[in-house]
Amino acid sequence: MKKFLSLVVCAALAASVLTGCSSTTAETTKTAETTKAAAADTTAAAAEETKSDSDLVIGSVIMNTSGEWFAEVIKGMETAGTDLGVTVKIVSSDNEVSKESDNVATLIAQGVDAICIAPLSADASIAAVESSVTAGIPVVTWNTTVNTETSGFVGVSNYDLGGMTGEYVAQYVKDNFPDGCKIALLTNSSYEVGVERCNGFKDAIKDVAGLEIVAAQDAELQEEGLDITEQILTANPDIDIIWAWNQMSVLGCVAALQNAGNSDIVVMGTDMSLEIAKAMLSDTLKLQAITTQMPYEIGYNAVANAVKAARGETIDAKMLIPLKTYIKENTAEIEQYITDHKDLAA
């Protein structure tokens, strides 16, 4: 009996040792797997941190590349990319919503970290913007907005931009045309920025006694501005003032007046450029006032905010860039503008 009991005890001890070995092996395996997973997470986090520091790619979709205004925007974007150490890919939609959509799709496929875009349409651009957001790529709009949620906006109040020139015109008419005068408008009804700008201008002048709007026609590009101005002059040879809604239509208006040798009509408008600045200094033209945005600052901050959005940082829902009005008599300011922007002469 003693021998039998001894055998039972030995067997029990052996089973206990085997069980303990099996448990220890399982725990060791589990610990190794946990350590390996933690190491993988740490490696991924480190890779992401490295990317956020130096390898971010920002896609920028601009409306078109015409005129100095967009040249300044692009310069601001490129400078921001250099200053912040990120890559900026700039593509133009050439004023076509279908091309804008293709541009966004391409940037998504390329795996950019954020997109900054000047939407061509508040409604027609929704699909492109939402496709980026759905793909997990934050979107910052600039210059124009879109009727869907984005990370933020950089630009100006276009209503105020038009309104500032309108306020100047209102005072100018009171001071220089006490008996009233006639004004023609080169307008825009295609873009949000144009509509808002024109509304702001019209609201600012609507109560000016004796100021009569005798013509209002859309003109976007310089050639259109020239042609429409010539048509307006033919139909209304007695107009006193012309207001143009954007840089290119201002240049077209100026060209038409210069071709006609007309130095009597007063020109007001929006968005400064080197050519406009030089025309303001001319004695053969009454280019009186230009209210302008700061396109370089808009471009720079659009990229800067896109970088913050890509890094998961909080940005302003709306960043408004200050406006400025240049007046013909303030020659020192105009000459300084020419000096500051001489690198855009090319």
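The values are calculated or read from the model by the stated rules, or taken from the named source; none is laboratory data. Everything numeric here is computed off the predicted structure, so don't read it as measured data. Positions of Cβ are generated from backbone atoms using ideal geometry, with glycine treated the same way; all protein chains shown enter the neighbour counts.
Counting residues in region 173-188 that are surrounded by fewer than 20 Cβ atoms within 10 Å (Cβ to Cβ), part of a helix (DSSP H, G or I), assigned by TED's automatic domain parsing to the domain that holds K286 and in contact with a helix residue (DSSP H, G or I) (Cβ under 7 Å, 6 or more places away or on another chain) gives zero. In this structure, T79 does not qualify as at pLDDT 90 or above and under 18 Å from P138 (Cα atoms). Taken as a whole, the structure places D203 among residues that are under 24 Å from Q293 (Cβ atoms) and either in contact (Cβ under 8 Å) with a residue 40 or more places away in the chain or not assigned by TED's automatic domain parsing to the domain that holds L287 (or both). Scanning region 93-114 for residues that are under 20 Å from A317 (Cα atoms), not basic (K, R) and not in a helix (DSSP H, G or I) turns up at least one hit.
Selection of region 314-346 for residues being part of a loop (DSSP other than H, G, I, E, B), surrounded by 14 or more Cβ atoms within 10 Å (Cβ to Cβ) and under 21 Å from the mean Cα position of the chain (by Cα) yields I315, I321, L323, H341.
Here's the yes/no breakdown for (1) more than 18 Å from N158 (Cα to Cα); (2) in contact with a helix residue (DSSP H, G or I) (Cβ under 8 Å, 6 or more places away or on another chain):
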| position | (1), (2) |
| --- | --- |
| I239 | yes, yes |
| G261 | yes, no |
| V267 | yes, yes |
| A279 | yes, yes |
| S282 | yes, no |
| T292 | no, no |
| I321 | no, yes |
| Q336 | yes, no |
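Being of a type in the set (S, T, Y) and assigned to a loop (DSSP other than H, G, I, E, B), is that true of even one residue in region 232-255? No, every residue in region 232-255 fails to be of a type in the set (S, T, Y) and assigned to a loop (DSSP other than H, G, I, E, B). Considering (1) in contact with a Pro (Cβ under 8 Å, 6 or more places away or on another chain); (2) among the small types (G, A, S); (3) at pLDDT below 95, the lone condition that S121 does not fulfil carries the number (1). Here's a check for you: in region 189-213, which residue that is hydrophobic (A, V, I, L, M, F, W, C) and not in a helix (DSSP H, G or I) is surrounded by the fewest Cβ atoms within 10 Å (Cβ to Cβ)? This residue is A209. Give the residue that is surrounded by the most Cβ atoms within 10 Å (Cβ to Cβ), with candidates limited to residues of region 72-92 that are out of contact with any Ser or Thr (no Cβ under 6 Å at 6 or more places or on another chain) and over 22 Å from L344 (Cα atoms). It comes out as V86. Summed over region 107-148, the residues that are crowded, with 24+ Cβ neighbours inside 10 Å, among the small types (G, A, S) and within 21 Å of G194 (Cβ to Cβ) give a count of 3. Candidates are the residues of region 269-307 that are charged (D, E, K, R) and part of a loop (DSSP other than H, G, I, E, B); the one that is farthest from I74 (Cα to Cα) is D283. Summed over region 251-278, the residues that are within 22 Å of the chain's Cα centre (by Cα), surrounded by fewer than 23 Cβ atoms within 10 Å (Cβ to Cβ) and under 19 Å from D227 (Cβ atoms) give a count of 0. Within the set K308, K318, the sole residue that is within 19 Å of W142 (Cβ to Cβ) and free of Cβ contacts under 8 Å to residues at least 12 places away in the same chain turns out to be K308.
Residue by residue, here is whether (1) assigned by TED's automatic domain parsing to the domain that holds N188; (2) buried (at least 20 other Cβ atoms within 10 Å of the Cβ) holds:
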position: I228; (1), (2): yes, yes
position: N236; (1), (2): yes, no
position: S249; (1), (2): yes, yes
position: M280; (1), (2): yes, yes
position: N301; (1), (2): no, yes
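Can you confirm whether region 214-222 contains a residue that is in a helix (DSSP H, G or I) and either of a type in the set (S, T, N, Q) or surrounded by fewer than 22 Cβ atoms within 10 Å (Cβ to Cβ) (or both)? Yes, region 214-222 has at least one match. If I filter region 109-129 for residues that are in contact (Cβ under 8 Å) with a residue 40 or more places away in the chain and within 21 Å of K324 (Cβ to Cβ), do I get at least one hit? Scanning region 109-129, I find at least one residue that is in contact (Cβ under 8 Å) with a residue 40 or more places away in the chain and within 21 Å of K324 (Cβ to Cβ), so the answer is yes. Of the residues making up region 144-166, not a single one is in contact (Cβ under 8 Å) with a residue 40 or more places away in the chain, over 27 Å from the mean Cα position of the chain (by Cα) and in the same structural domain as M268 (by TED's automatic domain parsing). Take the residues of region 177-195 that are in contact (Cβ under 8 Å) with a residue 60 or more places away in the chain and more than 30 Å from the chain's Cα centre (by Cα): which is nearest to M248 (Cα to Cα)? Per the stated criteria, the residue is I183.
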